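Before any comments, here is the structure.
The values are calculated or read from the model by the stated rules, or taken from the named source; none is laboratory data. Bear in mind the structure is a predicted one, so any value in this text is a computation, not a measurement. Note that each Cβ is placed from the backbone with ideal geometry, even for glycine, and that neighbours are counted across all protein chains shown. Just the protein is used for accessible areas: all its heavy atoms, side chains included, with ligands, DNA and RNA removed. Shrake-Rupley method; radii C 1.70, N 1.55, O 1.52, S 1.80 Å.
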Amino acid sequence: MPAYLCTACGIQHPISDEPPPVCILCQDERRAIPREEQRWTSQHSLRHTHFNAFRRLAPGLMGIATMPVFALGQRALLVRTPAGNVLWDCPSFLDDATIVIISALGGVAAIAASCPPSYGAAVEWSHALGSPPVYVHAADRKFVTRSDPVVTYWEDEAATILPELTLLRCGGQYPGATLLHWAGGAAGEGALLCGASLRIARDGHVRFMRSYDNHVPLDPLSIRHIQAVLEPWAYEAIYGGWWDQVITNDGQKVMFASVERTIDSLTNPPIS
Ligand SMILES: [Zn+2]
């Protein structure tokens, strides 16, 4: 029996004889409900047409994305540290070649997800890689479509999962939306991994939305909260959840400039 994957968002559901009637995540108002009929696939089917591509983005940082693009097309990150590797966000697709490559890179000590659209097939990845914990903030528990003992719910506002690697609950898009601060990233200047919780636009600024799919902006109070969460943390680089969403320099300055710019546009709309 397969564990079905939603073709719209890529999230994996429990092992079942028949596809689920609906995708819980795609039914949420933040997501774009598929206009066409809800469709499902499986790892077995995708193995005929897809593979995972790896690209080294920086020392200690590997990007992983499924090709051709599947579902939302995110790029996961494998953060490699002396204390172990963390898979940040999880692709939906997994094959034997991926397991061989990741094992050769040192395996995975923990999997953590930025927000529900990035859970992918995290339980299946964990099972294939020695059952490391899959960290999900407890506030987003209802979006976990595939329950399993490896899913580890964390609470509070921050959690250090390995030396140099700290989960920060930023909220906003989802109540448990999370960022990962990597103190050793960017040659020791620090890196902030946003996954799909925040987005980096083509203009090089950070975007703060309640629904990126449906273009619903986040309210100023929630944006100020994100700013407060990030205030104590230093970072030079910011990595979003897609290949082209990277800020390599002055990350903290860019983040705070983006906060001010966004709040200014929300509270002082131009008068023509
Ligand atoms: Zn879905």
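Residues in the stretch 11-19 include at least one that is more than 10 Å from the ligand (Cβ to nearest atom), open to solvent by 40 Å² or more (accessible area, probe 1.4 Å), under 21 Å from residue 148 (Cα atoms) and charged (D, E, K, R). Look at the stretch 6-26: where a residue is over 17 Å from residue 241 (Cβ atoms) and a partner is open to solvent by 10 Å² or more (accessible area, probe 1.4 Å) and near the ligand (Cβ under 7 Å from one of its atoms), sitting 6+ places away or on another chain with Cβ atoms under 7 Å, you get 23/8; 26/8.
Filter the stretch 1-10 down to the residues that are assigned to a loop (DSSP other than H, G, I, E, B) and more than 13 Å from the ligand (Cβ to nearest atom), then identify the one that is surrounded by the most Cβ atoms within 10 Å (Cβ to Cβ).
Of the stretch 1-10, the ones assigned to a loop (DSSP other than H, G, I, E, B) are 1-2, 7-10.
Next, from what is left, pick out any that are more than 13 Å from the ligand (Cβ to nearest atom): 1-2.
Details: 1: 9, 2: 16.
Looking at the filtered set, the residue picked out is 2.
Taking each residue of the stretch 139-158 that is farther than 17 Å from residue 179 by Cβ and looking for partners that are aliphatic (A, V, I, L, M) and open to solvent by 50 Å² or more (accessible area, probe 1.4 Å) with beta-carbon atoms closer than 6 Å, six or more apart or interchain, yields 145/24.
Quick one: count up the residues across the stretch 227-240 that are over 16 Å from the mean Cα position of the chain (by Cα) and either over 17 Å from residue 159 (Cα atoms) or assigned to a helix (DSSP H, G or I) (or both). If you could, list the steps in order and put the result at the bottom.
Step one: of the stretch 227-240, the residues over 16 Å from the mean Cα position of the chain (by Cα) are 227-237.
Restricting the remaining residues to those that are either over 17 Å from residue 159 (Cα atoms) or assigned to a helix (DSSP H, G or I) (or both) gives 227-230, 235-237.
Of the residues in the stretch 227-240, 7 are over 16 Å from the mean Cα position of the chain (by Cα) and either over 17 Å from residue 159 (Cα atoms) or assigned to a helix (DSSP H, G or I) (or both).
Can you pull out every residue in the stretch 48-82 that is closer than 21 Å to residue 237 by Cα and of a type in the set (Gly, Ala, Ser)? It would help to see each step written out before you state the result.
The initial filter retains those residues of the stretch 48-82 that are closer than 21 Å to residue 237 by Cα, namely 54-65, 74-82.
Within the stretch 48-82, 58, 60, 63, 65, 76 qualify.
Summed over the stretch 231-260, residues that are surrounded by fewer than 14 Cβ atoms within 10 Å (Cβ to Cβ) and under 26 Å from residue 117 (Cβ atoms) total 2. Of the residues examined, residue 267 is not one that is open to solvent by less than 40 Å² (accessible area, probe 1.4 Å), among the polar types (S, T, N, Q) and farther than 23 Å from residue 134 by Cβ. Of the strands (runs of 3 or more DSSP E) lying entirely inside the stretch 142-223, those containing at least 2 residues that are within 21 Å of residue 65 (Cα to Cα) are 178-182, 191-195.
Among the residues of the stretch 252-268, is there at least one that is assigned to a loop (DSSP other than H, G, I, E, B) and of a type outside the set (Gly, Ala, Ser)?
Step one: list which residues in the stretch 252-268 are assigned to a loop (DSSP other than H, G, I, E, B), which gives 268.
Applying the additional criterion that residues be of a type outside the set (Gly, Ala, Ser) yields 268.
Checked the stretch 252-268: at least one residue is assigned to a loop (DSSP other than H, G, I, E, B) and of a type outside the set (Gly, Ala, Ser).
Consider the stretch 240-272 and keep the residues that are touching a residue at least 40 places away in the same chain (Cβ under 8 Å) and hydroxyl-bearing (Ser, Thr, Tyr). The one that is farthest from residue 206 (Cα to Cα) is 267.
Looking for something open to solvent by less than 30 Å² (accessible area, probe 1.4 Å) and of a type in the set (Phe, Trp, Tyr) - is there at least one such residue anywhere in the stretch 45-66? No, the stretch 45-66 contains no residue that is open to solvent by less than 30 Å² (accessible area, probe 1.4 Å) and of a type in the set (Phe, Trp, Tyr). Criterion first (farther than 15 Å from residue 13 by Cα and either surrounded by 19 or more Cβ atoms within 10 Å (Cβ to Cβ) or aromatic (Phe, Trp, Tyr) (or both)) does residue 140 satisfy it? In short, yes. Just so you know, in the stretch 11-27 the residues that are closer than 18 Å to residue 122 by Cβ and assigned to a loop (DSSP other than H, G, I, E, B) include one that is farthest from the chain's Cα centre (by Cα), and it is 16.
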